[in-house]
1. Any residue in the range 35-64 that is free of Cβ contacts under 8 Å to residues at least 24 places away in the same chain sitting within a Cβ distance under 6 Å of a residue that is in a helix (DSSP H, G or I) and near the ligand (Cβ under 10 Å from one of its atoms)? List the pairs, counting only those 6 or more apart or interchain.
2. Does the range 30-53 contain at least one residue that is over 23 Å from residue 214 (Cα atoms), of a type in the set (Val, Ile, Thr), surrounded by fewer than 16 Cβ atoms within 10 Å (Cβ to Cβ) and out of contact with any Phe, Trp or Tyr (no Cβ under 9 Å at 6 or more places or on another chain)?
3. Kindly list the number of the only condition in (1) hydroxyl-bearing (Ser, Thr, Tyr); (2) assigned to a helix (DSSP H, G or I); (3) more than 15 Å from the ligand (Cβ to nearest atom) that fails for residue 74.
4. When you go through (1) outside any helix (DSSP H, G or I); (2) under 24 Å from residue 221 (Cα atoms) one by one for residue 65, which number turns out not to apply?
5. Restricting the search to the range 134-174, which residues are small (Gly, Ala, Ser), without any contact (Cβ under 8 Å) to a residue 60 or more places away in the chain and either within 20 Å of residue 99 (Cβ to Cβ) or within 12 Å of the ligand (Cβ to nearest atom) (or both)?
6. Taking residue 62, is it out of contact with any Leu (no Cβ under 6 Å at 6 or more places or on another chain), within 9 Å of the ligand (Cβ to nearest atom) and within 20 Å of residue 167 (Cα to Cα)?
7. From the list 203, 219, 213, exactly one residue is buried (at least 24 other Cβ atoms within 10 Å of the Cβ) and farther than 24 Å from residue 88 by Cα. Which is it?
8. When residues of the range 93-114 are filtered for being surrounded by fewer than 17 Cβ atoms within 10 Å (Cβ to Cβ) and either free of Cβ contacts under 8 Å to residues at least 40 places away in the same chain or among the acidic types (Asp, Glu) (or both), how many remain?
Amino acid sequence: MKPFSEQPEHTITMNVQEREITDRLKIMGAYYDLDTLLGEKTDNQAVAKYYRKSDFFYNYIHARGSHSIHLGLSDDVFYHKEDFLKQAQFVEGLLTQPSMNILEVGAGRLINTRYLAEHCPQHHFTALDIPNRNFLKNRVPKNVKLVEGDYNDLSCFPEQSFDIVFGVETICYAESKEKVIGEIAKVLKPGGKIVIFDGYEPKPREAMSEFEKHTAAVKWAAMRVTPKDHYIGSTRQYLEQHQFTDIEIADLTRQVLPTLRRLDRISGYYFMHPRMIKRMRNRISTDVTMNSIAGWLMLLTYDGENIHQYCRVVATKR
Ligand SMILES: C[S@@+](CC[C@H](N)C(=O)[O-])C[C@H]1O[C@@H](n2cnc3c(N)ncnc32)[C@H](O)[C@@H]1O
């Protein structure tokens with residue numbers, strides 16, 4: 001099949017969202033080869049390089065110095081910097097026993113674990129992220145242990161050793177979410193909880209149009225995320241397969257829209273200024289600047305919830 005960009009214009013009537021996305025893809029395509037982008041690797045080495053290059057920009061442009069590499073959860077229609085702490089505060093609400101063991105997978109620059117460790121000094125935290133992404137350079141409180149590794153293989157931890165395992169916008173990187181959920185199930189104690197905050201696809205691939213699949217794939221690729229296995233219904237199935245119970249999936253899409261609106265403005269400004277694009281691309285790695293592609297698509301792909309959806313998944317190990 002021809003790449004999407006070479007296919008004839010849609011003959012079916014496009015809705016407003018599709019028309020806007022189509023226009024934006026055309027503008028982005030003038031500066032970035034989107035088909036090459038779709039062919040980029042998404043293995044751990046590629047992801048580590050992407051974050052080594054992007055951490056600085058995530059921190060200063062996206063997170064305004066808070067080290068968040070995730071979306072804020074807003075309780076109203078406005079963006080607030082404090083919204084980046086909402087995921088950690090949700091996990092904090094689950095720390096109900098005296099001295100618990102908590103593992104954060106894909107912890108990045110540690111905004112979540114650092115917040116929890118500082119607010120809950122009686123608990124023990126372990127944070128994991130992939131090698132070669134400067135993870136061990138994070139400075140941490142005494143009750144935090146940093147480990148370099150891959151959540152596709154958690155055998156470096158004893159089985160049934162954690163009360164809670166959580167991940168914020170990281171398991172999207174797994175080609176097989178089933179494998180990661182299986183690994184997490186092994187290291188959780190019976191009665192322990194898994195908590196995931198992440199972007200998902202609300203429909204299985206078979207139910208998506210070619211346009212939706214292409215748009216979704218471009219958005220994931222711009223952040224070096226695999227195009228595979230994002231359907232939220234599959235995650236529920238994997239949890240059931242691995243003996244999780246009390247599965248709760250909350251759709252938090254509305255709450256991420258204020259952060260996405262902000263990213264949309266920043267990225268839109270970038271794409272509307274060709275001289276700036278030229279200057280930035282000469283000085284800054286493509287790993288960083290291509291982030292603007294995701295930044296300029298996400299508000300459209302999440303709003304309406306037909307291409308992407310932001311979910312909180314919580315389940316208890318039997
Ligand atoms: C979007 S960032 C989120 C970072 C952090 N959770 C936060 O909320 O700020 C995704 C993180 O997942 C990590 N990651 C990706 N694949 C991973 C894997 N297989 N094992 C462990 N960490 C991984 C990346 O290195 C990156 O730090």
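Quick note: the coordinates plus some simple rules give every number you see, no bench work behind them. Keep in mind that what you see is a predicted model, and the values were worked out from it rather than measured. Positions of Cβ are backbone-derived with ideal geometry, glycine not excepted, and every protein chain shown enters the neighbour counts.
1. Final answer for the pair search is none.
2. no
3. (2)
4. Every condition holds for residue 65 apart from (2).
5. As a first pass, look at the range 134-174 and keep what is small (Gly, Ala, Ser): 149, 155, 161, 167, 174.
So of that shortlist, the ones also without any contact (Cβ under 8 Å) to a residue 60 or more places away in the chain come out as 149, 155, 174.
Once the filter is applied, which keeps residues that are small (Gly, Ala, Ser), without any contact (Cβ under 8 Å) to a residue 60 or more places away in the chain and either within 20 Å of residue 99 (Cβ to Cβ) or within 12 Å of the ligand (Cβ to nearest atom) (or both), the range 134-174 yields 149, 174.
6. Details: out of contact with any Leu (no Cβ under 6 Å at 6 or more places or on another chain): yes; within 9 Å of the ligand (Cβ to nearest atom): no; within 20 Å of residue 167 (Cα to Cα): yes.
When the stated conditions are applied, residue 62 does not pass them.
7. Working: 203 fails: buried (at least 24 other Cβ atoms within 10 Å of the Cβ); 213 fails: buried (at least 24 other Cβ atoms within 10 Å of the Cβ).
Just one listed residue meets the conditions, 219.
8. Within the range 93-114, the first condition is being surrounded by fewer than 17 Cβ atoms within 10 Å (Cβ to Cβ), and the residues that meet it are 93-94, 96-99.
Now drop any that are not either free of Cβ contacts under 8 Å to residues at least 40 places away in the same chain or among the acidic types (Asp, Glu) (or both), which leaves 93, 96, 98-99.
Residues meeting the conditions: 4.
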